[in-house]
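Participant: One structure coming up, written as structure tokens, with questions to follow.
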Number of protein chains: 2
Amino acid sequence: MNRKALSELTLAVGLVGPGAVGKALLEQLRVAIPKLEREGISLEVRSILNSQQMLLAKNTPSIDLSNWDDEVIQKGTDPSLGVLTEHLKASETPHRLIVDCTASSLIPKFYPKWMEQGIHVVTPNKKLNSGPYPAWRAVKTLQAAGAAHYMYEGTVGAGLPIISTLKTLLDTGDDILRIEGVLSGTLSYIFNTMKPGDRFSEVVWSAKRRGYTEPDAREDLSGTDVTRKIITLARECGAELELSDVPTESLVPEPLRNLEDGGDLMTELAKFDDEWAARLREVDDAGEVLRYVGSYDAESGVCQVGPRRFSKSHPFAGLTSTENIVSFTTSRYCNPSLIVRGPGAGPAITAAGVFGDIITLARYMGAHS
Amino acid sequence: MNRKALSELTLAVGLVGPGAVGKALLEQLRVAIPKLEREGISLEVRSILNSQQMLLAKNTPSIDLSNWDDEVIQKGTDPSLGVLTEHLKASETPHRLIVDCTASSLIPKFYPKWMEQGIHVVTPNKKLNSGPYPAWRAVKTLQAAGAAHYMYEGTVGAGLPIISTLKTLLDTGDDILRIEGVLSGTLSYIFNTMKPGDRFSEVVWSAKRRGYTEPDAREDLSGTDVTRKIITLARECGAELELSDVPTESLVPEPLRNLEDGGDLMTELAKFDDEWAARLREVDDAGEVLRYVGSYDAESGVCQVGPRRFSKSHPFAGLTSTENIVSFTTSRYCNPSLIVRGPGAGPAITAAGVFGDIITLARYMGAHS
């Protein structure tokens, strides 16, 4: 009755997109690989592909992870997803996965092709889960039919156990009633920091200075990232939603949405400081706080994204820093709900979310626990 | 490259201990089995054993879960773990598991024998994980060697994702620095409820009236249950600890520990109300609250259990009802930490923790995700 012998469990990995998250993942793998070997899991990084170049492991089972960056420059060839796929398939291990660490909408179009060939997909890329519903449905159908696993813990709350928690609730027959969450580190920081009397534009500026925003802060302020995450969770629960179905309150004032240069944003935003000050004063007078929240109501099937008021004793009111929080209200977890909270953005913890999926995948393939 | 065909994945289950949690689990299974069948997971409950009787599925693959209670009474035979094991092994499926829903210290002695035969063990029973270290070590060694899986999400925080979260942190190479938690629903209620001016004995009485305590409330007040849980988490991190190594502040006053009748407890406890009132007043004057906490410090390797003071803005201060909370402080999740919070006791959610493990096990055996 013993399961696979230790030496058998090898996963061949192709990484697409060695940006901030991809780099952090490769570094985590480099450090962890010796320990995983002792536990019977052998991880071979067979290829790394960025938009300019591709590196393939040829004479060794794995690319040397202490040196891949130099090697990409010296030995990299033209990037080709086709060549990457064939190179993975040529590996002797039956277990192959592609890790998509890009933010591209293009790469997810390849997931079905990979999965049809039995190649598993692990990704923190939000584009498939929150893109056109039919494409998402196609991948989930392949997954349910057992073609390959598709894993994406890193898409919501980085490494926080949010997708896995939701899946377990659903798998064990709990009824999801409501999911609510502060799902953007940037917007969490802004609302956790901003006190009555503060100037909105200055708080946004402080988030930018700390490196919490995208180069153009409007990407964060628009709320779209939150909408993508709440859609991911809602679809997991069975909702057939498109991005355009979700009313999203953008924090970018109408006149600034088409500003050519995001650099002007801060000075322009200052013009709206008084509006925010009044809003915040009113909320504070009522003994409440504002938090930028994505929510899904299972009964109505409706998602909503925007600032909402919470009493000061609500779990969302106590957040600090760039913390994410997700509250699952279910038949079993009803008043109080089940809550996961903690840092939910940044390369290292997003990479850890991806890495966690890779380990789970290894267990699905027969690794010991 | 396709994985196992749908029809192949059958798990044969033997349940030991159909008490409150075991009953809730059987009911959850009964409801979920049709949906799981559609997903390619077939769960066959082959045997149910309590301390008096045993029911075996003989002419059908599974015991009828809508009627097992009556059948135990009508058709039950003498309980025998040996017969139960042989009956499971006689099943045609290669995947067999025993679910131990007892609180017994005896049943865990059989885990190694079962695992050596390739029978997986799933349990919310805390006795192995917090009992003598060598017995725990033996089971973990078998597990690491791939004999069988041993899963126990339900041992800490019932269905809350605490064990799985800790395992993922460890698997992905994070360093655990500190784990702290409010791990007893009963003690959570008592400290969340008790305000300066309240009488300790009356708050304990109100917990008892609501059904939150064991029949003899001293079992909760002693803190041993919390010690068992923090040891479970500490051992997962590599600490070699025995129950007796953990300083545990019992809330049962010395003179009451040997009272014959737990029923006298409430009147006797009242004699200590003034002491508690003074303690609480002092804590409140400092702007703090008391919470009954188990903690593990990885650097020193020390666990401690007892009431501790927290500022009113600390995440532990905001708890309500019987909520559990666990905070993982790690290299990656450091200030703020990673927090899981929610109801952490009760038959239905403990059963859901066990059920979640069974689903995970099915995935480890090749079920689709």
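Participant: Please count how many residues of region B:266-276 are at pLDDT 85 or above and open to solvent by less than 80 Å² (accessible area, probe 1.4 Å).
Facilitator: Qualifying residue count for the region: 6.
Participant: Looking at this structure, is B:Leu183 under 30 Å from A:Asp357 (Cα atoms) and away from every other protein chain (no Cβ under 14 Å)?
Facilitator: For B:Leu183, the condition - under 30 Å from A:Asp357 (Cα atoms) and away from every other protein chain (no Cβ under 14 Å) - is met.
Participant: Please state which of the following conditions A:Leu84 fails to meet, knowing it meets all the rest: (1) closer than 20 Å to A:Ala352 by Cα; (2) modelled with pLDDT of 95 or more.
Facilitator: Of the numbered conditions (1) closer than 20 Å to A:Ala352 by Cα; (2) modelled with pLDDT of 95 or more, the odd one out for A:Leu84 is (1).
Participant: Regarding B:Phe272, is this residue more than 9 Å from chain A (Cβ to nearest Cβ), part of a helix (DSSP H, G or I), aromatic (Phe, Trp, Tyr) and over 26 Å from the mean Cα position of the chain (by Cα)?
Facilitator: Yes, satisfied.
Participant: Within region B:300-348, work out how many residues are at the interface with chain A (Cβ under 9 Å from one of its Cβ atoms), closer than 28 Å to B:Ala24 by Cβ and among the aliphatic types (A, V, I, L, M).
Facilitator: Residues meeting the conditions: 5.
Participant: So, A:Val302, is that one open to solvent by less than 30 Å² (accessible area, probe 1.4 Å) and of a type in the set (A, V, I, L, M, F, W, C) or not?
Facilitator: Judged against the criteria, A:Val302 is not a match.
Participant: Report, by residue number, each residue of region A:352-369 that is assigned to a helix (DSSP H, G or I) and open to solvent by 30 Å² or more (accessible area, probe 1.4 Å).
Facilitator: Selection gives A:Thr360, A:Tyr364.
Participant: Please state which of the following conditions A:Gln74 fails to meet, knowing it meets all the rest: (1) without any contact (Cβ under 8 Å) to a residue 24 or more places away in the chain; (2) more than 27 Å from the chain's Cα centre (by Cα); (3) under 23 Å from A:Trp114 (Cα atoms).
Facilitator: Tallying (1) without any contact (Cβ under 8 Å) to a residue 24 or more places away in the chain; (2) more than 27 Å from the chain's Cα centre (by Cα); (3) under 23 Å from A:Trp114 (Cα atoms), A:Gln74 fails exactly one: (3).
Participant: I'd like the full set of residues that are away from chain B (no Cβ under 12 Å) and in contact (Cβ under 8 Å) with a residue 40 or more places away in the chain, limited to region A:13-41.
Facilitator: Answer for region A:13-41, where residues must be away from chain B (no Cβ under 12 Å) and in contact (Cβ under 8 Å) with a residue 40 or more places away in the chain: A:Val13, A:Gly14, A:Leu15, A:Val16, A:Gly17, A:Pro18, A:Gly19, A:Ala20, A:Val21, A:Gly22, A:Lys23, A:Leu26.
Participant: Give just the number: which of (1) among the polar types (S, T, N, Q); (2) in contact with a Pro (Cβ under 7 Å, 6 or more places away or on another chain); (3) within 14 Å of chain A (Cβ to nearest Cβ) does B:Thr93 not satisfy?
Facilitator: In the conditions (1) among the polar types (S, T, N, Q); (2) in contact with a Pro (Cβ under 7 Å, 6 or more places away or on another chain); (3) within 14 Å of chain A (Cβ to nearest Cβ), B:Thr93 misses (2) alone.
Participant: Same structure, new question: Scan A:Ser244, A:Ser201 and give me the residue that is open to solvent by 60 Å² or more (accessible area, probe 1.4 Å), modelled with pLDDT of 95 or more and more than 14 Å from chain B (Cβ to nearest Cβ).
Facilitator: None of the other options fit; the residue is A:Ser244.
Participant: Report yes if A:Ile358 is at the interface with chain B (Cβ under 8 Å from one of its Cβ atoms) and closer than 22 Å to B:Lys167 by Cβ, otherwise no.
Facilitator: no
Participant: How many residues does region A:148-162 contain that are open to solvent by 10 Å² or more (accessible area, probe 1.4 Å) and either in a loop (DSSP other than H, G, I, E, B) or facing another protein chain (nearest Cβ under 7 Å) (or both)?
Facilitator: Number of matching residues: 2.
Participant: Given B:Arg281, B:Arg332, B:Arg309, which one is charged (D, E, K, R), open to solvent by 10 Å² or more (accessible area, probe 1.4 Å) and free of Cβ contacts under 8 Å to residues at least 40 places away in the same chain?
Facilitator: B:Arg309
Participant: For region B:77-90, which positions are of a type outside the set (Asp, Glu) and free of Cβ contacts under 8 Å to residues at least 60 places away in the same chain?
Facilitator: Hits for region B:77-90 are B:Thr77, B:Pro79, B:Ser80, B:Gly82, B:Val83, B:Lys89, B:Ala90.
Participant: Inspect region A:336-351 for any residue being open to solvent by 40 Å² or more (accessible area, probe 1.4 Å) and over 28 Å from A:Arg209 (Cβ atoms) and give the result as yes or no.
Facilitator: No: zero hits.
Participant: In region B:39-77, which residue that is outside any strand (DSSP E or B) and aliphatic (A, V, I, L, M) is nearest to B:Val122 (Cα to Cα)?
Facilitator: Residue satisfying both the conditions and the ranking: B:Ile41.
Participant: Which residues, taken from region A:1-32, are part of a helix (DSSP H, G or I) and at pLDDT below 95?
Facilitator: Within region A:1-32, A:Leu6, A:Ser7, A:Glu8 qualify.
Participant: Further, regarding this structure: Looking for whichever is open to solvent by less than 10 Å² (accessible area, probe 1.4 Å) and charged (D, E, K, R) here; the options are A:Asp78, A:Asp171, A:Asp100. Which one fits?
Facilitator: A:Asp100
Participant: Taking B:Ile176 and the conditions (1) on the phi > 0 side of the Ramachandran plot; (2) out of contact with any Pro (no Cβ under 8 Å at 6 or more places or on another chain); (3) touching a residue at least 24 places away in the same chain (Cβ under 8 Å), which numbered condition does it fall short on, given that it satisfies the others?
Facilitator: Only one criterion is unmet by B:Ile176, namely (1).
Participant: Here's a follow-up. Please pick out the residue among A:Ser244, A:Ser300, A:Ser295 that is touching an Asp or Glu at 6+ places or on another chain (Cβ under 9 Å) and farther than 22 Å from A:Ser206 by Cα.
Facilitator: A:Ser295
Participant: Only one residue in A:Arg218, A:Arg228 is away from chain B (no Cβ under 11 Å), at pLDDT 95 or above and surrounded by fewer than 24 Cβ atoms within 10 Å (Cβ to Cβ). Which one?
Facilitator: A:Arg228
Participant: Please state which of the following conditions A:Gly238 fails to meet, knowing it meets all the rest: (1) in a loop (DSSP other than H, G, I, E, B); (2) touching a residue at least 60 places away in the same chain (Cβ under 8 Å).
Facilitator: (2)
Participant: Taking region B:174-197, which residues are of a type in the set (Gly, Ala, Ser) and surrounded by fewer than 22 Cβ atoms within 10 Å (Cβ to Cβ)?
Facilitator: Correct list: B:Gly197 only.
Participant: Name every residue in region A:109-146 that is in a helix (DSSP H, G or I), of a type outside the set (A, V, I, L, M, F, W, C) and surrounded by 22 or more Cβ atoms within 10 Å (Cβ to Cβ), in order of residue number.
Facilitator: A:Tyr111, A:Asn129, A:Ser130
Participant: What single numbered condition from (1) farther than 18 Å from B:Gly173 by Cβ; (2) hydroxyl-bearing (Ser, Thr, Tyr); (3) open to solvent by less than 70 Å² (accessible area, probe 1.4 Å) fails to hold for A:Ser62?
Facilitator: Of everything listed in (1) farther than 18 Å from B:Gly173 by Cβ; (2) hydroxyl-bearing (Ser, Thr, Tyr); (3) open to solvent by less than 70 Å² (accessible area, probe 1.4 Å), A:Ser62 misses just condition (1).
Participant: What's the number of the condition A:Lys195 fails, among (1) more than 10 Å from chain B (Cβ to nearest Cβ); (2) in a helix (DSSP H, G or I)?
Facilitator: For A:Lys195, the exception is condition (2).
The values are calculated or read from the model by the stated rules, or taken from the named source; none is laboratory data. Remember, predicted model here, so these are calculated numbers, not experimental data. We place every Cβ from the backbone using ideal geometry, glycine too, and count neighbours over all the protein chains shown. These accessible areas exclude ligands, DNA and RNA; they are computed on the full protein's heavy atoms, side chains included. Shrake-Rupley method; radii C 1.70, N 1.55, O 1.52, S 1.80 Å.
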